[in-house]
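Here's the structure we're looking at; comments come further down.
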Amino acid sequence: MRHVLVAEDDAATRGFLVAALTDEGYTVSVAADGGAALERCAEVKPDIVVLDLQMPNVDGFEFLRRRGPGCSAPVIAVSAAFRREQLKGLTVAAFVAKPFDLHVLVKVIAQSLGADPKEEAIARTLN
């Protein structure tokens with residue numbers, strides 16, 4: 001089962017993403033800011049990170065600057081207010097604007113991972 005780390009400071013959005021991604025067949029861990037996300041990423045070694053760029057304390061940009069080999073998962077950045085030049089020199093697999101369509105975000109996650117988690121679950125059930 002693929003593991004997603006959701007780094008989001010808004011509790012309602014975080015809860016919504018946990019429920020939706022769990023329904024899609026993912027294991028989900030959460031962090032409320034970039035500092036906590038760095039710690040969780042090193043602990044759980046997620047397959048992908050969904051990262052809000054605007055968070056208190058350590059924001060998503062700082063998360064991207066600080067992460068190292070202990071947190072090498074691809075990152076999907078999400079934000080309501082963003083300018084492309086803010087990501088200059090930082091690596092993300094994709095960017096999804098807030099407010100996002102859940103179906104679009106799920107598709108971007110699956111494409112970034114190279115597989116559909118539901119199809120993986122069906123394959124495991126059949127084998």
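Taken together, the values in this text are just the output of simple stated rules run on the coordinates, not laboratory data. This structure is a prediction, so every number in the text was calculated from the model and none was measured. When we count neighbours, we look across all protein chains shown, and the Cβ atoms used for this are built from the backbone with ideal geometry, even at glycine.
A few notes on this one:
- Projected label distance in nm at Ala20 and Met1, using a 7 Å step from Cα toward the beta-carbon: 2.0
- Non-local lysine pairs in region 3-126, meaning eight or more places apart or on different chains, with alpha-carbon distances under 22 Å, amount to 5.
- Placing a label point 7 Å from the Cα of Arg65 along the Cα-to-Cβ direction, the residues of region 86-100 whose backbone N falls under 20 Å from that point are 86-93.
- Per residue, the convex hull volume that the Cα atoms of region 38-101 enclose (Å³): 88
- Each pair of Cα atoms in region 3-126 enters the Kirkwood radius, and Stokes-Einstein at 4 °C and 1.567 mPa s then converts it into a translational diffusion coefficient of 90 µm²/s.
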